[in-house]
Amino acid sequence: MSERRERSLPLGEAAAGDTPVELVSEFAAVSLVVDRDGNGPRLRIEDLKTGQVGFLDPLELETLAWLPEGALHRFLDPSFHRWREERERG
Amino acid sequence: MTPTTVPADSAAWDALIEPDRVHGSLYTDPAIFDAEMERIWYRTWVYVGHESEVPQPNDYVVKSIGPQPIIMSRDKQGEIHLLLNRCTHRANLVCDAAKGNSSAFRCPYHGWTFSNTGKLLGYPFNSGYGGTEEKRNLGLGRVARVASYQGFVFGSFAEEGPTLEEHLGGATDAFDRLVELSPTGKLDISAGWLQHEAKANWKMLVENETDGYHPQFVHASIFSVAKSGIGDLYGEKSTAVSRDLGGGHTENDLRPEFRRIDEPMGWFGTTADRLPEYVEHLQAARGPERAREIMIDGAPHVMVYPNLFIAEIQLFVIQPLAVDRTVQHVTAIQYEGEPQLNRRMLQQTIGSVGPAGLLLADDTEMYERNQRGVHARTPEWLVLKRGTHRERRDGDGFTIGDATDEVPQRAIWRHYRELMEAGDGDGAVAPPAVPTANGSVR
Ligand code: FES
Ligand SMILES: [Fe+2]
C-alpha cells in the first residue's frame, strides 16, 4: 500500500494518559490516540484492517462537529478516493 | 392433512374456516403460508421494534417482518426508518450485527455503501458503471409505511390502508395501560432479545398467547415450583375474562381477579413494600389513588395481531419463517429509570423464558406436538367451541367470555378469514370494526 503513511510514534510510546481507544462496528475498526509529536496535539486514527493512518487537528475536528447532515456522504462513497480504477495498483 | 390450494372465493373458505372450527390444513399447507405472507404480513401493520431500541442518532437494530429482513434505523435528525436489509447490488445482507451506530452501511460483499436512510452513496470503482446516474434508483428497499404508538414502531408494506391507530383499534388501550405503569410514561426495551425457534406454524403461537384454557395443565409444574397463584387466575372459578378486542387482537383480562384480591403489585407476584422506590415514583407521577389502581390492575396480557404479544412483564415478537417454522423473540419489559423494578422483571423473565426457563419451554413443546398432530389424516378439524353458549358483551361493547373460553381463538380466526378472503387485491383492507358503545373505545 503505497499510500500508507508511517506511524509517527509506536502506540506503546504514546504520552502518558493518551491511551489508544478502539472503536469497532461491523463496517470498520479504528484505533484513536492523541499524537503529540508536532507543535500541537492532533488525533491519530489508524484503520485496524489495513494499517492506514490519518491525522485530524483540532480545527479539522471542530469542523467535523459542525458538519451538516449528509456532508460526509461524498467521502463515504467508496469510489471517492480509496477504491478508484486510476488508483488501482498491480 | 390433504394438501389444499388457497380458496378462491367465500364458499371455498367455508370449507376451511367455520365460526367454531378450523381445518388442520391451514397449519400445514405451504400455499396457505405464502398467501398469508402476502395478505397479512406484507399488507397489514406488523410490529417491528421499539423507539427505545434506537435511542441515539445513527443507532440501528436488525429486525424482521416475518421472513423479511429489516433494518430499523434512526437518522441524524431523529427520524426512524424501516429499510430492507438486502443489498441492491446482488442481495447480500447489508447489516449483520444485531445492533450498532453508523450513519452509513457498507455491504460486505462488494462494498456498496448506503446512508442509514437507505440512499446509495456509492460503490467501489464506479467507472465500471459508466457514470453515477443510476444511483438514484438503487437505494435500499423501504417498508412503505412506518408509524408508532406509545413508542412501539410498526411497519406496513401496503402504500395505503388503515392508519396504525385504526389498525390497533381496541388494542390501543393495552399500550396506554402499559406505559401508565411507568412513572415517566416511557419504556426502555434494552434488555436484549432471546430467540426461541419452534417447529410449528405461527398461528399456533398466536392462538396460544391468549388461551386461558391451557395454563393449569401445561404450566402446572412451574406454578407449583414457584408457588404461584397464576394458575387460579385461569381456573373455572376465576372472574377473569377472555376478550375479543376486534381486528384479531385478543386479551386475557385478569383485572377482575386482581381487583378482587386487592393487593398492590399482586399482579407482579409481589407486594408494594418490596418495591419502595418504584411505588414512590409512581405515586409522585400519578397521585396516590391512581397509583394504587394502576398497581392493582397491573400490566396487560394482550395479543396484538399478528405478531406482538404483550405478556405482562415481557414482549414476545412472533416471526414466521416457513409453514412449520417460527421464531419467538422475547425480551423483558423495562421501565425508564426504575432499576429496582427492572431487576425483578429481568429475573422473572429469565426464570420463565430464559434458556433454562420453565414457561416457554412448556408452551413450545405443545406447539411442536400440535404441529405433528395436525398432520393426522383424521379428524381434519380443530374444535374452538369452548364457551360459545356464554359469550357476552362488556360495557365497551367487546365480546367476552370466561377466563378459559375460546373467545380469543374464534376472534383470531374470524379476522384471519377477513384478511385472507380479501385476496391479493390492491392492498386496501378495511380497518377493523371497533365497538363504540359508551364511546369509551378510541
Ligand atoms: S451484494 Fe452488496 S455490494 Fe455486491
Ligand atoms: Fe402458555
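The values are calculated or read from the model by the stated rules, or taken from the named source; none is laboratory data. Computed from a predicted model, the values in this text were never measured in an experiment. All Cβ positions, even for glycine, are placed from backbone atoms using ideal geometry, and neighbour counts span all protein chains on display.
So here's what we get for this one:
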read-out: Within the stretch A:42-85, considering residues that are touching a residue at least 12 places away in the same chain (Cβ under 8 Å) and within 14 Å of chain B (Cβ to nearest Cβ), the one surrounded by the most Cβ atoms within 10 Å (Cβ to Cβ); value: A:Asp47
read-out: Residue in the stretch B:366-418 that is farthest from B:Asp29 (Cα to Cα), counting only those that are of a type in the set (Val, Ile, Thr) and part of a loop (DSSP other than H, G, I, E, B); value: B:Thr404
read-out: Unmet requirement for A:Ser2, which otherwise passes all of (1) farther than 21 Å from A:Pro78 by Cα; (2) at pLDDT below 95; (3) not aliphatic (A, V, I, L, M); value: (1)
read-out: Residue selected from the stretch B:74-115 under the condition within 10 Å of chain A (Cβ to nearest Cβ) and among the acidic types (Asp, Glu), by the criterion surrounded by the fewest Cβ atoms within 10 Å (Cβ to Cβ); value: B:Asp96
read-out: Test: residue in the stretch B:126-142 that is modelled with pLDDT under 95, touching a helix residue (DSSP H, G or I) at 6+ places or on another chain (Cβ under 7 Å), surrounded by 17 or more Cβ atoms within 10 Å (Cβ to Cβ) and within 14 Å of chain A (Cβ to nearest Cβ); value: yes
read-out: Selection count where residues are within 16 Å of ligand 2 (Cβ to nearest atom) and part of a loop (DSSP other than H, G, I, E, B), scope the stretch B:205-228; value: 8
read-out: Checklist (1) free of Cβ contacts under 8 Å to residues at least 24 places away in the same chain; (2) among the aliphatic types (A, V, I, L, M); (3) outside any loop (DSSP other than H, G, I, E, B) applied to B:Leu315, failing item; value: (1)
read-out: Pairs with Cβ under 6 Å, 6+ apart, first in the stretch B:108-123 and under 15 Å from A:Glu26 (Cα atoms), second near ligand 1 (Cβ under 9 Å from one of its atoms) and charged (D, E, K, R); value: B:Thr113/B:Arg106
read-out: Criterion: free of Cβ contacts under 8 Å to residues at least 40 places away in the same chain, assigned by TED's automatic domain parsing to the domain that holds B:Ala226, of a type in the set (Asp, Glu) and not in a helix (DSSP H, G or I) - qualifying residue of B:Glu280, B:Glu263, B:Glu289, B:Glu293; value: B:Glu263
read-out: B:Gly185 vs. criteria over 16 Å from the mean Cα position of the chain (by Cα) and within 24 Å of B:Ser103 (Cβ to Cβ); value: no
read-out: Filter pass, B:Glu406 being surrounded by fewer than 17 Cβ atoms within 10 Å (Cβ to Cβ) and at pLDDT 95 or above; value: no
